[in-house]
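Read the structure below first, then the notes.
Throughout, read-outs are computed from the coordinates displayed, never taken from laboratory work. A quick note: this is a predicted structure, and the numbers were derived from the prediction, not measured. All Cβ positions, even for glycine, are placed from backbone atoms using ideal geometry, and neighbour counts span all protein chains on display.
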Amino acid sequence: MKKYLLYVATGLTFGLAGCSKDGEGINLFTIEDDKQLGLQVKQEIDSKPSEYPILSKTTYAAAYNYLYGIRDEILAAGKVTHKDDFLWEMYIIKDDNTLNAFCTPGGYIYVYTGLIKYLDSKSSLAGVLGHEIAHADKRHSTEILTKQYGLQMMLDIVLGKNQNDVTQILSGLTTLSFSRANETEADKYSVVYLCPSPYHADGAANFFQKIINQGGSNPPEFLSTHPNPDNRVQNIQSEASSLGCTATIDNTKDVTEYQQFKNSL
């Protein structure tokens with residue numbers, strides 16, 4: 001069965017982080033902490049090739065160039081706050097049965113082949129990437145860690161006082177769930193990021209609309225714990241309309257060339 005999960009992988013840093021407000025929550029981590037955090041997660045993923053079979057950037061050079069091209073146009077649009085702070089590296093995970101993409105703190109972006117093959121256009125993938133970039137750019141992961149484990153425990157961890165707590169947290173962070181507010185904000189900023197780009201700014205809505213069109217008596221788990229997919233489609237499309245977004249991408253590039261990209265994986 002396909003796994004319809006949009007989650008974030010994250011990790012923990014040993015550096016001392018500052019206390020600050022980020023969105024509606026308290027975030028103990030600095031930008032530098034986020035970067036170190038993301039690097040730890042990347043190293044953890046690299047150490048588990050059977051669990052995360054990442055496609056070679058040499059063997060699949062054309063596919064990566066296509067993916068990096070989308071990333072570059074999103075970043076060039078000038079709306080990503082930490083465009084120059086994070087690395088925004090791209091990785092493709094070979095797993096056709098998983099509909100997923102995630103972005104770690106510090107901007108390491110992972111996309112499953114299952115999601116790539118499920119989507120129908122370049123704008124749709126750009127919309128999902130924009131959503132995941134927003135989670136890192138708005139620093140949702142480290143905010144949630146602070147909420148989930150409490151200020152004192154997080155302070156102990158960043159000060160290196162309790163290695164057992166670090167091990168406990170690292171073991172379960174790949175299934176960390178975002179709040180409804182986080183998901184709604186990521187949906188919104190996916191549109192904001194794409195609006196000045198060549199893509200259809202409401203591209204992320206296509207993912208949810210396709211799931212809705214499929215129907216079924218057992219909806220994906222994340223749809224029961226996050227904003228209703230119908231509302232997400234409506235909100236994303238409304239945001240694009242209110243911003244007056246207009247796509248300039250050629251239809252052939254948006255659909256036909258995307259099909260060629262899918263077939264290359």
Going residue by residue through segment 34-39, the Karplus relation 6.51 cos²θ - 1.76 cosθ + 1.60 with θ = phi - 60° gives ³J(HN,Hα) values, rounded to whole Hz and with x marking Gly or Pro, of 4, 5, 5, 4, x, 5
Per principal axis, largest first, the Cα atoms of segment 95-134 extend in Å by 27, 21, 9
Which residues does a label at Gln259 reach in segment 66-97, if reach means a backbone N under 19 Å from a point 7 Å past the Cα toward the Cβ? none
Would you mind pulling out the separation of the Cα centroids of segment 192-210 and segment 246-264, in Å? 14 Å
Backbone N under 15 Å from the Thr248 label point (7 Å along Cα→Cβ), restricted to segment 187-218: 194-201
Spelling it out for Asp95: with amide H atoms placed in the peptide plane at 1.01 Å from N, the residues 5 or more places away or on another chain with amide H under 5 Å from its amide H are Thr113, Gly114
